[in-house]
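The values are calculated or read from the model by the stated rules, or taken from the named source; none is laboratory data. Please read all numbers here as calculations on a predicted model, not as lab measurements. So basically every Cβ, Gly included, is an ideal-geometry build from the backbone, and we count neighbours across all protein chains shown.
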Amino acid sequence: MALNLTQKIIRDHLLHGELQPGREIGLRIDQTLTQDATGTMAYLQWMAMGLDRVRTGLSVSYVDHNTLQMGFQNPDDHRFLRSVAARYGIIFSAPGTGICHQLHLENFARPGKTLIGSDSHTPTAGGVGCLAMGAGGLSVALAMAGEPYTLPMPKVFRIFLKNRLQGWAGAKDIILHLLGLLTVKGGVGAVLEYCGPGAATLTVPERATIANMGAELGATASIFPSDDQTRQFLASMGRPGDFIALTADPDASYEHTIEIDLGLVEPMVAQPHMPDLVAPLRQLDGLPVDQVAIGSCTNSSYSDLKTTALILQNRHIAPTTDLLISPGSKQVLKLLNRENLINDLLDSGARLLECACGPCIGMGGSPPSCGVSLRTFNRNFEGRSGTQDGRVYLVGPAAAAQAALAGRITDPAAWGDPPRKPVLPDIAPSIRHLFTMPFSPKQAQDVEILFGPNIVPLEDFTPLPDRLDAEILITLGDNITTDHILPGGATVTALRSNLPAISDFVFNRVDPEFVARARKVAAGIIVAGENYGQGSSREHAALGPRHLGVRMVLAKSFARIHKANLINFGILPLVFVDPDDHVRMTTGHRMHLDARTLSAGHDLRMQNEHSGDIRVRCDLTAKELEIIQAGGLLNLVKARQTEKC
């Protein structure tokens, strides 16, 4: 049978299930990655399993999110992560080395491998033909334990690219164009597989930008073939032996095909406050810009920043505009330094920030009140920048640099001729010596795990009762993000290893009374619209509500990773059979569910004391339902370990 590229990799890693879209499959995972905002909790969950050493081919712990050290919390987390890595056979990347996805692409991602990471932008590695997926921290911890990664077999969309980019158009404009076609929920349940003669013209850094922002479409993963572009990239990174050629069979079938003529793509912009609110950049000509930020895991590569430096060369940014630049890795800095391009950035008036996520997650670099911030990042959700009324627009590096010079968005027709596309050198300077490699098993036995007072072990969660009597705590609309549920920023993110403390911030930017209301009832329900939980993979957006007694989320539809996180921690995700019933749900209403009637893939009735019965669907597999009935996946794993003993 002819197979597409996605199916080939899944077939080679399939532990159970079959290649039928929607059917549950279990995959062998070759590599894992964590970052510090999600990693501390993931490793606490890992330690709860009682194993001596990770069982993956490669696992990496990156520190790139919580690098601001304004108090003891973040440094304590970093010390904990370093000691965990040494104890359990994990590579450790210290703060300041770079952003996890850029570093993984440069140093570890390999064609044909499977990778899951506790960050929603893990699919960046699809730029080298790796099947890379974002997941919750518990799923990553289980993969490190050698357990299969379970998910519905994704549909595969064929994104056929023809011709080549012209003028000032770049990779960011391709993915923004696609977001305009599909919307932020258009990729849910699917892998986006890029192919065609246009794909062959794109370098790996360009491919990585596109694969990175597949997360904004809700896609399970995005993947490019492993071809000559991949070969050249891996050779430049000093890893020629990691290359293998991978492509789809010529007559492979797909669920859906989208054709994009790269010659017609023009510079684009995503407007506040969603990545799919796109328009041609020329339509916003003249919009004043207070701040420009270039970087993030989407656009912080050598090629992105060299393009930026060439535009800024011998010029100065507008006096009314701040320019922040976050390089993706120290390798990127070394490459720029070798060509004397850092001087061009500094002499323009730009601020050079640490090699870290920084402003992308509201960790410094917030725009002024009501300010316009033009960013090369991947998300522009309301309040994510740290300024609640900030207006964030998403663009490519060239558009960002031009706006920094002019102090406003300008029509690309006025920019003149673009610089030549940067090409990586035959051999890029390595920074692999900056990683702390795993200790031997014998050395690791003597390592002490170093806890800080802010690191609180995960609490035990109770199983689902036979009868659930609960109160609706909040009613929400469509496209609620994990930033809405549990915001980022320096204050909140420093509490990621302390569930009781961070839970005080659940929905605080949406409904400041939510936490107090939740604490007054024994069990709570969240009601939402379409695509609930889109955005970050942060499992704290499920853990926080669970800590506050939320036992169910009733929505029109769910984002993939967040639904998995709800299940992992014993929160029942149900969907409306009739979406119009959403309007009958009111905060404060009492609802009742006979949990004994729950059956995988079937409908049932719930009682509403105020507006009558409604029909809901248990859109779960038998295994997912078993997890929820046990009170969460960790409970189920521990119970099975006890049975084995």
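Worth pointing out:
- Within the range 41-96, the residues that satisfy the criterion of being basic (Lys, Arg) and within 21 Å of Glu354 (Cβ to Cβ) are Arg79, Arg82.
- Residue in the range 167-190 that is more than 25 Å from Cys360 (Cα to Cα), surrounded by 24 or more Cβ atoms within 10 Å (Cβ to Cβ) and at pLDDT 95 or above present: yes
- Residues in the range 273-297 that are under 17 Å from Leu179 (Cβ atoms) and surrounded by fewer than 17 Cβ atoms within 10 Å (Cβ to Cβ): Ala279, Gln283.
- Scanning the range 33-83 for residues that are part of a loop (DSSP other than H, G, I, E, B), in contact (Cβ under 8 Å) with a residue 60 or more places away in the chain and under 17 Å from Thr491 (Cα atoms) yields a total of 8.
Matching residues to (1) part of a loop (DSSP other than H, G, I, E, B); (2) on the phi > 0 side of the Ramachandran plot:
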| position | (1), (2) |
| --- | --- |
| Gly96 | yes, yes |
| His101 | no, no |
| Glu106 | no, no |
| Arg110 | yes, no |
| Ile116 | no, no |
| Thr124 | no, no |
| Gly127 | no, no |
| Ser139 | no, no |
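- Residues that are under 30 Å from Gln232 (Cα atoms) and modelled with pLDDT of 95 or more within the range 428-478 comprise Ala428, Pro429, Ser430, Ile431, Arg432, His433, Leu434, Phe435, Thr436, Met437, listed in sequence order.
- Annotation: of all residues in the range 1-32 being among the charged types (D, E, K, R) and in a helix (DSSP H, G or I), the one that is surrounded by the most Cβ atoms within 10 Å (Cβ to Cβ) is Lys8.
- Only one entry of Met274, Met213, Met268 meets the criterion of being more than 27 Å from Pro327 (Cβ to Cβ), of a type outside the set (S, T, N, Q) and within 24 Å of the chain's Cα centre (by Cα), and that entry is Met274.
- Gly241, sole failed condition from (1) buried (at least 18 other Cβ atoms within 10 Å of the Cβ); (2) out of contact with any Pro (no Cβ under 8 Å at 6 or more places or on another chain); (3) not in a loop (DSSP other than H, G, I, E, B): (1)
The rows are residues; the columns are (1) closer than 23 Å to Ala541 by Cβ; (2) surrounded by fewer than 18 Cβ atoms within 10 Å (Cβ to Cβ); (3) outside the structural domain of Val553 (by TED's automatic domain parsing); (4) in contact (Cβ under 8 Å) with a residue 24 or more places away in the chain.
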{"residue": "Gly570", "(1), (2), (3), (4)": "yes, no, no, yes"}
{"residue": "Asp594", "(1), (2), (3), (4)": "no, yes, no, yes"}
{"residue": "Thr597", "(1), (2), (3), (4)": "no, yes, no, no"}
{"residue": "Gln607", "(1), (2), (3), (4)": "no, yes, no, no"}
{"residue": "Arg615", "(1), (2), (3), (4)": "no, yes, no, yes"}
{"residue": "Cys618", "(1), (2), (3), (4)": "yes, no, no, yes"}
{"residue": "Glu624", "(1), (2), (3), (4)": "yes, no, no, yes"}
{"residue": "Ala630", "(1), (2), (3), (4)": "yes, no, no, yes"}
{"residue": "Asn635", "(1), (2), (3), (4)": "yes, no, no, yes"}
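- Only one of the numbered conditions (1) in a strand (DSSP E or B); (2) surrounded by fewer than 19 Cβ atoms within 10 Å (Cβ to Cβ) is violated by Tyr393, and that is (2).
- The criterion of at least 1 residues that are over 31 Å from the mean Cα position of the chain (by Cα) and under 30 Å from Pro500 (Cα atoms) is met by the following strands (runs of 3 or more DSSP E) wholly inside the range 535-645: 590-594.
- Segments classed as helices (runs of 4 or more DSSP H), wholly inside the range 432-532, with at least 1 members that are touching a Leu at 6+ places or on another chain (Cβ under 6 Å): 490-493, 499-502, 514-519
- Taken as a whole, the structure leaves Ala413 outside the set of residues that are part of a helix (DSSP H, G or I) and surrounded by 16 or more Cβ atoms within 10 Å (Cβ to Cβ).
- In the range 317-368, the residues that are farther than 20 Å from Leu434 by Cα, part of a helix (DSSP H, G or I) and at pLDDT 95 or above: Leu341, Ile342, Asn343, Asp344, Leu345, Leu346, Asp347
- Leading residue by the ranking (nearest to Ile10 (Cα to Cα)) among those in the range 116-156 that are of a type in the set (A, V, I, L, M, F, W, C) and surrounded by fewer than 24 Cβ atoms within 10 Å (Cβ to Cβ): Met153
- Filter pass, Glu530 being under 21 Å from the mean Cα position of the chain (by Cα), at pLDDT 95 or above and of a type in the set (Asp, Glu): yes
- Each residue in the range 482-495 was checked for being touching a Lys or Arg at 6+ places or on another chain (Cβ under 8 Å) and either modelled with pLDDT of 95 or more or of a type outside the set (Asp, Glu) (or both), and 5 pass.
- Index of the failed condition, Thr376 passing every other in (1) closer than 20 Å to Arg420 by Cβ; (2) out of contact with any strand residue (DSSP E or B) (no Cβ under 7 Å at 6 or more places or on another chain); (3) surrounded by 24 or more Cβ atoms within 10 Å (Cβ to Cβ): (2)
- When the residues of the range 183-205 are filtered to those that are assigned to a helix (DSSP H, G or I) and more than 18 Å from the chain's Cα centre (by Cα), the one that is nearest to Ser300 (Cα to Cα) is Val204.
- Pairs where the first residue, in the range 192-221, is more than 12 Å from Ile174 (Cβ to Cβ) and the second is acidic (Asp, Glu) and crowded, with 24+ Cβ neighbours inside 10 Å, C-beta under 8 Å, 6+ apart: Pro205/Asp304
- When the range 497-527 is filtered for residues that are more than 13 Å from Gly544 (Cα to Cα), touching a residue at least 24 places away in the same chain (Cβ under 8 Å) and among the basic types (Lys, Arg), the ones remaining, listed by number, are Arg509, Arg517.
- Yes/no for Gln45 being within 30 Å of Val456 (Cβ to Cβ) and at pLDDT below 95: yes
- Of all residues in the range 541-579 being modelled with pLDDT of 95 or more and of a type in the set (D, E, K, R), the one that is farthest from Gly529 (Cα to Cα): Arg546
- Test: residue in the range 187-199 that is touching an Asp or Glu at 6+ places or on another chain (Cβ under 9 Å), aliphatic (A, V, I, L, M) and under 30 Å from Asp619 (Cβ atoms): yes
- Failed item, numbered, when Thr67 is tested on (1) more than 30 Å from Phe233 (Cα to Cα); (2) at pLDDT below 95; (3) among the hydroxyl-bearing types (Ser, Thr, Tyr): (1)
- Residue match in the range 161-178 (condition: under 30 Å from Gly601 (Cβ atoms), out of contact with any Lys or Arg (no Cβ under 6 Å at 6 or more places or on another chain) and in a helix (DSSP H, G or I)): no
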